[in-house]
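One structure below.
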Amino acid sequence: MMKNKLASKEEIMSKFFDGMTLMVGGFACAGVPRELIELVIESGVKDIKLISNDAGDPNVAQGRFYHEGIVAECWHSHVGLNKEFGELAKEGKFKLHITPQGTLVEKIRCGGVGAGGILLRAGMGTGCDFTKERQVVNVDGKDWFIETPLHADVALVRARRADLFGNLTYRGTMENYNSTMAMAADCTIVQADQICDIEEIQMDTVRTPGVFVDMILDEQRRYI
Amino acid sequence: MEMSHGSGKTLNDKEAMARRIARFFKPGDIINLGIGAPLLVANHVADGVLVHTENGCVGVGEQLSRTDPNIPERTSLESFTNAGGIPFLPIPGAMVFSHATSYAIIRGGHLTATVLGAFEVSENGDLANWFLPGNFAGMGGAMDLCQAKNVIVQTTHCTKKGEPKLIHKCTLPLTCKGLLTHVVTERAVFEFHDNKMYLKEIREGYDLDNIKNNTEADFIVADDLKTDVVY
């Protein structure tokens, strides 16, 4: 008998705490676990450290966290679609780590797969601020940045389907960061468009094995 | 033929650049197109050239309007979106994958080329296209995309004020250092070899003097320079 990981809103909110590091899947407001974001806000936690591709739109998707003023530090690759974020950043409301997109996702992957880091080159030689914080190593005559892992206390993941154990599938381009973040947190919580029984997802089509999933929001919802 | 010295930023020029860039590619090639004018390249590529989007698809098809009332019947608004967050229709046979796989395709040399816009290009193949003073958005995937095998810049030859965009040394923060392979403007095509810039083609309606007078960057006229090229 496979473990049933369905969890109530209250059980999920009990996992959130002040100062937690939080990964949130999604890209440009697509494939974002919006219900779970609302639960974080409803729980009343503050000073979160947010890791996500972008800052959403103003008061939409990840932008909800900024609108509510609960972010202390953040890692993003692009923040240009959220004007509210820009204003708050100018006021110094939080510490921002801007990171090239492919590098950001690899740092998260390192956090999920037990790697101590990865050697990458995005931004090499540009002199941009983030590169000054990086250690450089030379391997076979080529310079590389040592990119260190990112790991989270909690990851919020949006899936298309979840079975009761947390085997997941995604739809279209909505997988984006979700499957990588699912590996990289102590507690991975899923919001799925459809929840189904064990064996209803053909095992060959599973994109995130349920071993990475801790909780599934117990609500059947369908998003268009 | 439209003469557009000075600003030159007309829709016709953008389409013309897209047509010229599209001719670099053959069926089976996989290309990534930057947000904005580079997306026009998709309208002109040969059948079988596949478009990649960094948020996880090869086989990007027709771009849809967010306000298209027919969208829910054809695809869902969120299910297939491009790097600009705009919904699209995947072509038959399209494949979807995670962000991690998507950047593996880029860095691993599996992408034929990326086409990017530019604020400034330098004569040694540097690109500045992500940061303007007072308008901070973040680099997104641009720096990673410059790790692709071919990095093609599509840009107007001059700024709106008529100043050269191809210059000795970029003044804005860089997107990449010396990684450009091609620059296509509405007037000319350049290639980079060993961090030197070569003039390869001059478009019909322009001549070498026009290119020299509107280009600050030092470039070498290629031995096999083509002139009167129809875009």
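Quick notes
- Strands (runs of 3 or more DSSP E) contained entirely in region B:151-231, each with at least 1 residues that are of a type in the set (A, V, I, L, M), over 17 Å from the mean Cα position of the chain (by Cα) and over 30 Å from A:Asp143 (Cα atoms): B:196-203, B:220-229
- Under the condition of being closer than 30 Å to B:Gly84 by Cα and acidic (Asp, Glu), the residues counted in region A:174-216 number 2.
- Selection from region B:132-149 of residues that are closer than 21 Å to A:Ala122 by Cβ, without any contact (Cβ under 8 Å) to a residue 60 or more places away in the chain and more than 8 Å from chain A (Cβ to nearest Cβ): B:Leu132, B:Lys149
- Entirely in region A:72-149, the helices (runs of 4 or more DSSP H) that have 3 or more residues that are buried (at least 16 other Cβ atoms within 10 Å of the Cβ): A:83-90, A:101-113
- Residue tally, condition within 14 Å of chain B (Cβ to nearest Cβ) and over 13 Å from A:Val190 (Cα atoms), over region A:1-41: 4
- Pair list, Cβ under 8 Å, 6 or more apart: region A:27-52 residue at positive phi, other residue assigned to a helix (DSSP H, G or I): A:Gly31/A:Thr173; A:Gly31/A:Met174; A:Gly31/A:Asn178
Listed here are the residues, each with its yes/no results for (1) of a type in the set (A, V, I, L, M, F, W, C); (2) touching a residue at least 60 places away in the same chain (Cβ under 8 Å); (3) touching a Phe, Trp or Tyr at 6+ places or on another chain (Cβ under 8 Å).
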| site | (1), (2), (3) |
| --- | --- |
| B:Glu163 | no, no, no |
| B:Lys177 | no, no, no |
| B:Phe190 | yes, no, yes |
| B:Arg203 | no, yes, yes |
| B:Asn210 | no, yes, no |
| B:Asn214 | no, yes, no |
| B:Ala217 | yes, yes, no |
| B:Asp228 | no, no, no |
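- For beta carbons closer than 8 Å, sequence separation of 6+ or different chains, a first residue in region A:108-127 that is within 7 Å of chain B (Cβ to nearest Cβ) and touching a residue at least 60 places away in the same chain (Cβ under 8 Å) and a second that is crowded, with 22+ Cβ neighbours inside 10 Å and part of a loop (DSSP other than H, G, I, E, B), the qualifying pairs are A:Arg109/A:Ala184.
- Checking B:Gly125, B:Gly109 one by one, the residue that is small (Gly, Ala, Ser), part of a loop (DSSP other than H, G, I, E, B) and crowded, with 24+ Cβ neighbours inside 10 Å is B:Gly125 and no other.
- In the set (1) in contact with a strand residue (DSSP E or B) (Cβ under 6 Å, 6 or more places away or on another chain); (2) within 28 Å of B:Thr175 (Cα to Cα), A:Asp57 fails one condition alone, (1).
- Qualifying positions in region B:128-139 - crowded, with 20+ Cβ neighbours inside 10 Å and within 22 Å of B:Gly56 (Cβ to Cβ): B:Trp130, B:Gly138, B:Met139
Since every read-out is calculated from the coordinates, none of them should be taken as a lab result. Every value quoted in this text rests on a predicted model; they were computed, and no experiment measured them. With ideal geometry, Cβ positions are generated from the backbone for all residues, glycine too; neighbour counts draw on all protein chains shown.
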